[in-house]
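A.B. asks: Below you will find the structure I want to go over with you.
The values are calculated or read from the model by the stated rules, or taken from the named source; none is laboratory data. It should be emphasised that the depicted structure is a prediction, and the values quoted were computed from it without experimental measurement. Neighbour counts run over all protein chains shown; Cβ positions are idealised from the backbone, glycine included. Surface accessibility is based on the protein's heavy atoms, side chains included, excluding ligands, DNA and RNA. Shrake-Rupley method; radii C 1.70, N 1.55, O 1.52, S 1.80 Å.
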Amino acid sequence: MKRFFRRFFSLLFILVILACGYYYRHWFIEQYNHAKGVYYIYKGDQAYSADNMGKTLEYYHKGLELYPKHYEAWFNLGNIYAVHEDYYSAVDAYEHAIEANPKFVLAKMNLGIVYSEELGFFDEAIKQFDEVTKIKPFKLWIPFVYSNIKSAKANKGLAFFNKGVAYRQKALYLPIDKQYLAYEYLGHAITAYTESLKILKKNYDLYYNRGVAHHLRGEYKQAGLDYCKAIQTHPMKFEGHYNLAVLLRRINKNRESIAELEKAALLISETPSSSSVQTAYIFNLLNEVTRRFITSNDYYTQKLTDEPVGAIRYTYINGRIVADEEFDKAMFNNFKTCAGFAYFSGDEEK
């Protein structure tokens, strides 16, 4: 009797499985395709690690044909296209990723960057960045194990920053008959940078770019203050010093302009990625401002005293004289000092 029931239930179980397979065959086929698609995407990841781009694209496309809702694979594919400057294919891939996961912040961010910086679709870019700032991501915090709270806030701050860049680009690329809108768009850029600073705080790129927007609007004091904040945040980047020097030259603060141009010239000459054209331009501008300053003042002198300015110790290493840490610190503090700050902050004596 026990054997009969055992066989009966075994047969019943098989019949149930067969019935489920018949009535839900599409679901089983879908799951099989998903598993096979994930396998191909995994092979694509391996091919990408091996720098085999042909196989990478082949495996990704096979995987996504079988599992088209794999949003991370679409995102990776978009990144590959963007790196290889196939921007329209990148846009298509990012859009598929967002379609599969409408709250996919990184896909929206990268899509906005490609729209703004590569294709010039500024309104579409701003729309993506706006959506990122409004997404409320799922926040997970496990003490001493994992937390995505900081990264979620950082992404929101970056979205505001990229929105500011898009508005600035939109202002600069206006047709002649609409250039009257530039002032308004630059104002939107400043607002976006300010929102980003509330989140990211003390960020060189934010201060610098907000300074550029103020500079373009003719708001020189606000621009000067932002350039100074950028310099104080990261003294060894030449762009802040250079833009401040141009601004000081514009308002006839020639002595201060020379001081900042000298810093910019020294920094750019030590920057491996700088071009000879950039370097030559800065030195030519330095010469022009210096000549203007000498002409306007009839003489150019420096006060000399017999008072010691402090002993600077040097070390001889591999045929080179290298300043010690105290000298390095003094140089760093010098670069951190912002020429013209008293004027921009309103503390300059009348």
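A.B. asks: Surrounded by fewer than 16 Cβ atoms within 10 Å (Cβ to Cβ), of a type in the set (S, T, Y) and either modelled with pLDDT of 95 or more or within 22 Å of E72 (Cα to Cα) (or both): is that true of S196 in this structure?
C.D. replies: On the way: surrounded by fewer than 16 Cβ atoms within 10 Å (Cβ to Cβ): no; of a type in the set (S, T, Y): yes; either modelled with pLDDT of 95 or more or within 22 Å of E72 (Cα to Cα) (or both): yes.
Considered against the rule, which asks whether it is surrounded by fewer than 16 Cβ atoms within 10 Å (Cβ to Cβ), of a type in the set (S, T, Y) and either modelled with pLDDT of 95 or more or within 22 Å of E72 (Cα to Cα) (or both), S196 comes out as no.
A.B. asks: Of the residues V91, V114, V83, which single one is surrounded by fewer than 19 Cβ atoms within 10 Å (Cβ to Cβ), closer than 30 Å to R168 by Cα and β-branched (V, I, T)?
C.D. replies: V83
A.B. asks: For region 228-250, does any single residue satisfy the condition of being of a type in the set (S, T, N, Q) and within 24 Å of L111 (Cα to Cα)?
C.D. replies: No, there is no match, as no residue in region 228-250 is of a type in the set (S, T, N, Q) and within 24 Å of L111 (Cα to Cα).
A.B. asks: Right, here's the next one. Which of the residues belonging to region 144-178 are open to solvent by 60 Å² or more (accessible area, probe 1.4 Å), at pLDDT below 90 and of a type outside the set (S, T, Y)?
C.D. replies: Within region 144-178, F144, V145, I149, K150, K153 meet the criteria.
A.B. asks: Check E99, E72, E30 and return the single one that is surrounded by 14 or more Cβ atoms within 10 Å (Cβ to Cβ), among the acidic types (D, E), at pLDDT below 95 and farther than 28 Å from R168 by Cβ.
C.D. replies: Numbers: E99 fails: at pLDDT below 95; E30 fails: surrounded by 14 or more Cβ atoms within 10 Å (Cβ to Cβ).
Sole residue among the options that is surrounded by 14 or more Cβ atoms within 10 Å (Cβ to Cβ), among the acidic types (D, E), at pLDDT below 95 and farther than 28 Å from R168 by Cβ: E72.
A.B. asks: Of everything in region 81-126, what is of a type in the set (V, I, T) and either closer than 18 Å to A166 by Cβ or outside any helix (DSSP H, G or I) (or both)? Give them in sequence order. Spell out how you get there, then give the answer.
C.D. replies: First pass over region 81-126, keeping only residues of a type in the set (V, I, T): 83, 91, 98, 105, 113-114, 126.
Once the filter is applied, which keeps residues that are of a type in the set (V, I, T) and either closer than 18 Å to A166 by Cβ or outside any helix (DSSP H, G or I) (or both), region 81-126 yields V91, I98, V105, I113, V114, I126.
A.B. asks: Looking at region 226-237 only, could you name the residues that are surrounded by fewer than 24 Cβ atoms within 10 Å (Cβ to Cβ) and part of a helix (DSSP H, G or I)?
C.D. replies: The answer is C228, K229, Q232, T233.
A.B. asks: Here's another thing I want to ask about it. Y185 - would you say it is open to solvent by 40 Å² or more (accessible area, probe 1.4 Å), under 20 Å from A213 (Cβ atoms), modelled with pLDDT of 90 or more and among the aromatic types (F, W, Y)? Step through it out loud before you land on a result.
C.D. replies: Numbers: open to solvent by 40 Å² or more (accessible area, probe 1.4 Å): no; under 20 Å from A213 (Cβ atoms): yes; modelled with pLDDT of 90 or more: yes; among the aromatic types (F, W, Y): yes.
When the stated conditions are applied, Y185 does not pass them.
A.B. asks: For a quick check of your reading of the model, give me the residue pairs whose first member lies in region 208-237 and is free of Cβ contacts under 8 Å to residues at least 60 places away in the same chain, whose second is basic (K, R) and open to solvent by less than 60 Å² (accessible area, probe 1.4 Å), with beta-carbon atoms closer than 8 Å and at least 6 apart or on different chains.
C.D. replies: Close Cβ pairs (under 8 Å, with a partner that is basic (K, R) and open to solvent by less than 60 Å² (accessible area, probe 1.4 Å)) amount to N209/R168; V212/R168; A213/R168; L216/R168; D226/R210.
A.B. asks: Then there's this: Residues R249, R210: which one is closer than 17 Å to F344 by Cα, open to solvent by 60 Å² or more (accessible area, probe 1.4 Å) and part of a helix (DSSP H, G or I)? Quick ask: steps written out before the conclusion?
C.D. replies: On the way: R210 fails: open to solvent by 60 Å² or more (accessible area, probe 1.4 Å).
Answer to the check: R249.
A.B. asks: While we're here: Would you say I199 is under 22 Å from Y343 (Cα atoms) and part of a helix (DSSP H, G or I)? Walk me through how you get there before you give the answer.
C.D. replies: Details: under 22 Å from Y343 (Cα atoms): no; part of a helix (DSSP H, G or I): yes.
No.
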